[in-house]
1. For the range 150-194, give me each residue that is over 26 Å from Trp44 (Cβ atoms) and basic (Lys, Arg).
2. I want to confirm something. Restricting to the range 95-134 and keeping residues that are buried (at least 16 other Cβ atoms within 10 Å of the Cβ) and of a type in the set (S, T, N, Q), which single residue is farthest from Ser36 (Cα to Cα)?
3. Which numbered condition in (1) aromatic (Phe, Trp, Tyr); (2) touching a Phe, Trp or Tyr at 6+ places or on another chain (Cβ under 7 Å); (3) closer than 24 Å to Gly66 by Cα is the only one that Phe178 fails?
4. When the residues of the range 167-177 are narrowed to those that are under 19 Å from the mean Cα position of the chain (by Cα) and crowded, with 19+ Cβ neighbours inside 10 Å, which ends up modelled with the highest pLDDT?
5. Where the second residue is among the charged types (D, E, K, R) and outside any loop (DSSP other than H, G, I, E, B) and the first is free of Cβ contacts under 8 Å to residues at least 12 places away in the same chain and lies in the range 168-179, which pairs have Cβ atoms under 7 Å and are six or more apart or on separate chains?
6. Can you work out which of the residues in the range 47-72 that are surrounded by fewer than 16 Cβ atoms within 10 Å (Cβ to Cβ) and either within 14 Å of the chain's Cα centre (by Cα) or among the polar types (S, T, N, Q) (or both) is nearest to Tyr102 (Cα to Cα)?
7. If a residue has to be surrounded by 15 or more Cβ atoms within 10 Å (Cβ to Cβ) and either small (Gly, Ala, Ser) or farther than 18 Å from Asn96 by Cβ (or both) to count, how many in the range 145-165 make the cut?
8. I need the full set of residues from the range 65-101 which are β-branched (Val, Ile, Thr) and over 20 Å from Ser139 (Cα atoms), in order please.
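The values are calculated or read from the model by the stated rules, or taken from the named source; none is laboratory data. Nothing here was measured: the structure is a model prediction, and the numbers come from that model. Note: ideal-geometry Cβ built from the backbone for every residue, glycine included; neighbour counts use all protein chains shown.
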Amino acid sequence: MRTKSCLLAFALLLTSVSLFSQREETVLGERGWGFSGLWGGVSWDYTPYNGVEAFNRRGFFGFEFGKSLNVGWSHFRMIDDIALPGETARLDFNYNGGFIGYNFMPYKAIHPTLNLELGQGRVRHSIEGNDKTFTIQPSAGVEINVFRWFRVGLEGGYRFVRNVDYVSLSDQDLSGVFGRATLKFGFSWGRYHKRPDYSRNYEK
């Protein structure tokens with residue numbers, strides 16, 4: 001229930017942002033949500049699994065629309081498998097999925113972001129074997145425009161892991177908060193959406 005409530009709130013927030021932006025651009029006569037860029041990169045997540053601290057590495061590639069909306073694919077993998085507390089077993093985790101994100105005022109040097117990722121994955125337990133899972137990760141943070149082709153992101157979120165079918169582990173054991181640092185490379189073309197200067201019309 002907690003997962004569904006969080007996802008519903010996050011989805012409503014993304015939808016309201018998109019609708020507001022579309023309405024504003026229509027009223028002001030600005031361009032819409034056309035294809036505007038390509039981006040890819042790598043991220044590192046710091047996060048606990050069943051109380052054990054670990055690092056994930058993430059690679060991603062996506063398409064940008066309207067200078068703000070990002071849609072693409074990502075792959076996560078635990079950098080090193082971990083030893084479970086009180087056991088001789090070791091754990092490894094990875095998943096592939098899609099993502100959708102929104103950048104607020106991306107023309108600003110530092111701007112806020114919202115992201116949602118989800119996909120199927122696999123957990124490898126050295127004693128109980130492999131198990132397929134489903135992962136959902138909403139997050140929020142800030143992005144820094146270092147160059148036109150290079151951005152740095154910092155964000156935090158929560159990882160919801162479902163369908164875990166082990167005797168010694170549950171969904172809650174593999175779910176948890178995470179902090180992320182991202183290096184993003186690519187290019188965005190076209191003009192940013194900015195409010196027109198009406199003062200010039202009055203001066204004339």
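1. Hits for the range 150-194 are Arg191, Lys194.
2. Only one residue fits best here, namely Thr133.
3. Answer for Phe178: the failing condition is (3).
4. In the first step, residues of the range 167-177 are kept if they are under 19 Å from the mean Cα position of the chain (by Cα); the result is 174-177.
Adding the requirement that they be crowded, with 19+ Cβ neighbours inside 10 Å leaves 174-175.
Working: Leu174: 92, Ser175: 95.
Per the stated criteria, the residue is Ser175.
5. As it stands, the answer is Asp171/Arg162, since those pairs meet every condition given.
6. Per the criteria, the residue is Val71.
7. Summing the residues that are surrounded by 15 or more Cβ atoms within 10 Å (Cβ to Cβ) and either small (Gly, Ala, Ser) or farther than 18 Å from Asn96 by Cβ (or both) in the range 145-165 gives 7.
8. Hits for the range 65-101 are Ile79, Ile82, Thr88.
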